[in-house]
Every structure is written in C-alpha cells, then in structure tokens.
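Structure provided below as structure tokens; questions to follow.
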Amino acid sequence: MRILYIDTSSSYLYAGIVLNRKLTSEVKKEFGHSLSEEALPSIVSLFKKENLLAKDIDKIIVVNGPGSFTGIRIGITIAKVFAWGLNIPITSISALESMSLSSTSDKLHVPIINARRNYVFGAIYSKDNNVMLKPTHIKLEDLLVDLADKDYVFISNDEFDELKDIEPYDPDIEKIVNHFENKEPINPHAINPEYLKLTEAEESKKD
C-alpha cells in the first residue's frame, strides 16, 4: 500500500510516502509565509522521486489541526483535491496526536502548540498513546495545574517563556502513518479544519 502523509498545520511542511509500511520519501522543511506556494510542488516532487503519479497513491492521511489557521487549510485543500479528483481514500488526524506518537519518552507526552495570549493547543497522552486529555484550547497555567505531580515531557517546536526542556517535534512519519493505516476513510468533503478555537475574525464578530 502506498500512503501519502500531509501536515501543514504549522509553518513547516511535513509530508512523506510510506510504501508497504516503510517510509521511502519525505520532506520536512519550514517555508513560513511561502508555505502556500511551496507545499504542492514539494509534494509533487515526492511523487517524481518515487516514479509515481498521484493516482498511484492508495490512501491519504492529512493533519486537520489544530495549529495555523492558514496552514491547516493548505494541507486539507491539497489532500481533498487529490482524494476527490482521483477517488483516493482519505482520513484526517490530529496534529497533537502526531506529535505524541513521534516521541519516544517514557513519560507522559504533552504536545503543545502556541495559541497566543497565554493559551496553547494541547493534549496529554500516555507513553502508549492513550488519551488522558483530549486535544483542547487551554490556558498554559491551567494545563500545568493538570500536570502537577506528574512525570511528563512537553513536545513542541514553539517557544514558551514559562517552559524549559521542551522536546523538539521531529515527526516520525513512518510511525504515524503505520499507526493510522487502517483508520476508516471518510468522504473528502467531510474533512474540515479542527481549529479548537474561533478565528480572530469570528471572535471579533462574537464580541
């Protein structure tokens, strides 16, 4: 089985092709504001490297958030176009669970993404990836209260003044894909961003 993995939930593009449970090609690169321009060509370059066409992909796994509002939409749009146009099975997964799966720590895994204004997108997983706190938008100080007296490791590529010794996030694409290989496909049109909070425009309108 050939599986395409796409994650644009941050300023990075994480993408790869897993063939019969083995990672054969990947890209892990920070594009920043040029992500919207570089994501698709970079993914196409993976196909060329493997001498594949997009139609040769058997399944797509795409990260649908939380994270960057713009970034999430980029990856989902690319994945849905491939899935719908070429009739490729597709499923979506959480960025936070991908972060947890990539850690080898024996402690509790606490993936966090900076959501600004002292909030984070965060979750808590056991070392075996059992959910102890589902992905949520939470004040960092409240998350620290939940973690009191526990042995844990933060996982993130963001910086936080209040925290030290954060484990950098380096996605283990092979492990992530193999973990979700048999997750039930869904209709491409049913895949939507999981922001976990309102956009700033929506918050302003609500106020």
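If only one of Val44, Val81 is out of contact with any Ser or Thr (no Cβ under 8 Å at 6 or more places or on another chain), over 18 Å from Pro188 (Cβ atoms) and not charged (D, E, K, R), which one is it? Full working, then the answer.
Values: Val81 fails: over 18 Å from Pro188 (Cβ atoms).
That would be Val44, the only listed residue that is out of contact with any Ser or Thr (no Cβ under 8 Å at 6 or more places or on another chain), over 18 Å from Pro188 (Cβ atoms) and not charged (D, E, K, R).
Residues that are in a loop (DSSP other than H, G, I, E, B), in contact (Cβ under 8 Å) with a residue 40 or more places away in the chain, more than 23 Å from Ile166 (Cα to Cα) and touching a Pro at 6+ places or on another chain (Cβ under 8 Å): does region 67-88 have at least one?
The answer is no; no qualifying residue exists.
What are the pairs, 6+ residues apart or on separate chains, where a residue within region 168-183 that is among the hydroxyl-bearing types (Ser, Thr, Tyr) has its Cβ under 8 Å from a residue that is open to solvent by less than 30 Å² (accessible area, probe 1.4 Å)?
Listed pairs, sorted by first residue: Tyr169/Met99; Tyr169/Ser102; Tyr169/Pro111; Tyr169/Ile155; Tyr169/Ser156.
Of all residues in region 40-79, how many are touching a Gly at 6+ places or on another chain (Cβ under 9 Å) and among the aliphatic types (A, V, I, L, M)?
6
Looking only at residues that are in contact with a Phe, Trp or Tyr (Cβ under 6 Å, 6 or more places away or on another chain) and touching a residue at least 60 places away in the same chain (Cβ under 8 Å) in region 95-124, which one is farthest from Asn64 (Cα to Cα)?
Ala115
Sticking with this structure for a sec: Are any residues in region 169-184 part of a loop (DSSP other than H, G, I, E, B) and open to solvent by 90 Å² or more (accessible area, probe 1.4 Å), and if so, which ones?
Asp170, Asn182, Glu184
Something else now. Taking region 1-53 only, how many residues are open to solvent by 30 Å² or more (accessible area, probe 1.4 Å) and assigned to a strand (DSSP E or B)?
Within region 1-53, residues that are open to solvent by 30 Å² or more (accessible area, probe 1.4 Å) and assigned to a strand (DSSP E or B) number 10.
Being out of contact with any Phe, Trp or Tyr (no Cβ under 9 Å at 6 or more places or on another chain) and not acidic (Asp, Glu) is the filter here, so list the residues in region 56-74 that pass it. Give the steps one after another, and end with the answer.
Here is the first cut: in region 56-74, the ones out of contact with any Phe, Trp or Tyr (no Cβ under 9 Å at 6 or more places or on another chain) are 58-59, 64, 68, 70, 73-74.
Selection gives Lys59, Asn64, Ser68, Thr70, Arg73, Ile74.
Within the group Ser98, Ser103, Ser92, which residue is assigned to a loop (DSSP other than H, G, I, E, B) and surrounded by 19 or more Cβ atoms within 10 Å (Cβ to Cβ)?
Details: Ser98 fails: assigned to a loop (DSSP other than H, G, I, E, B); Ser92 fails: assigned to a loop (DSSP other than H, G, I, E, B).
Every option except Ser103 fails the conditions.
Continuing with this model, one more query. List every residue pair whose Cβ atoms lie under 8 Å apart, where the two residues are 6 or more positions apart in sequence or sit on different chains, the first residue falls within region 141-160 and is on the phi < 0 side of the Ramachandran plot and assigned to a strand (DSSP E or B), and the second residue, located anywhere, is of a type in the set (Asp, Glu) and surrounded by 14 or more Cβ atoms within 10 Å (Cβ to Cβ).
Pairs that qualify, where the first residue is on the phi < 0 side of the Ramachandran plot and assigned to a strand (DSSP E or B) and the partner is of a type in the set (Asp, Glu) and surrounded by 14 or more Cβ atoms within 10 Å (Cβ to Cβ), are Val153/Glu167; Phe154/Glu167; Ile155/Glu167.
Step by step: first the residues of region 116-160, then only those that are of a type in the set (A, V, I, L, M) and within 19 Å of Ile93 (Cα to Cα), then the one that is most open to solvent (accessible area, probe 1.4 Å). Which residue is that? Let's see the steps before the verdict.
Keep residues of region 116-160 that are of a type in the set (A, V, I, L, M), which gives 120, 123-124, 131-133, 138, 140, 143-145, 147-148, 153, 155.
Next, from what is left, pick out any that are within 19 Å of Ile93 (Cα to Cα): 120, 123-124, 131-133, 155.
Values: Val120: 1, Ala123: 0, Ile124: 12, Val131: 88, Met132: 111, Leu133: 44, Ile155: 1 Å².
My answer is Met132.
The values are calculated or read from the model by the stated rules, or taken from the named source; none is laboratory data. All of these numbers come straight from a predicted model, not from anything done at the bench. Here Cβ is always computed from backbone atoms with ideal geometry, including for glycine, and neighbour counts include all displayed protein chains. We work out accessible area using only protein heavy atoms, side chains counted, and drop any ligands, DNA or RNA first. Shrake-Rupley method; radii C 1.70, N 1.55, O 1.52, S 1.80 Å.
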